[in-house]
Amino acid sequence: MSNTRKTRPGIAVPGRAVENGTASQTSHASANHSTISPTSRQPFRIADLLHPGAENAVSRRELMALTGLSDRELRLMIETERRQGIPILSDNIHGYFLPGDSAERDRCVRSLRRRAGEIEATASAIEQAEV
């Protein structure tokens, strides 16, 4: 695996999922033309904006800016893609990324299972509390 960091999608560098036309048009594109509209006819996936490896992660705020989605819409779209079998990983330090190797995938799965256990423990404590 290479240690070079891939360029993140953005206004000046549209990335894999954003097409602005010819190179001469790209330099004059407005911010509206370089973000992905959730209402556009061409479907897109959040995974298309991500690169393998935590070192290439994209924050939720960056993804919101790129897509024009609200925080809630973005999180729902990520969850939908994950349940369709697309391994979108995340951590609290880097953001969202695709697995660079099985160790990254396994770390994310462990973190999700720990969180699920903590949520279950909290729900049990509330359930047993006096009302």
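Of the residues I126, I86, I93, I78, ranked by 1.4 Å probe accessible area with the largest first, the sequence reads I93, I126, I86, I78. Rolling a 1.4 Å probe over the protein chains gives H94 an accessible area of about 80 Å². Sorting F97, F44 by accessible area puts them as F44, F97; the probe is 1.4 Å, largest comes first, and only protein heavy atoms count.
When E130, E81, E62 are compared by accessible area at a 1.4 angstrom probe, the order from most to least is E130, E62, E81. In order along the range 76-84, phi translates into HN-Hα couplings of 5, 5, 4, 4, 4, 5, 4, 6, 8 Hz, rounded to whole numbers, per the Karplus curve 6.51 cos²θ - 1.76 cosθ + 1.60 with θ = phi - 60° and x for Gly and Pro.
The slack in the chain from A123 to R107, taken as 0.36 nm per residue of separation less the alpha-carbon distance, amounts to 3.3 nm.
The values are calculated or read from the model by the stated rules, or taken from the named source; none is laboratory data. The model shown is predicted, which means the values in this text are computed figures rather than measured ones. All accessible areas refer to the heavy atoms of the entire protein, side chains included, with ligands and DNA or RNA removed. Shrake-Rupley method; radii C 1.70, N 1.55, O 1.52, S 1.80 Å.
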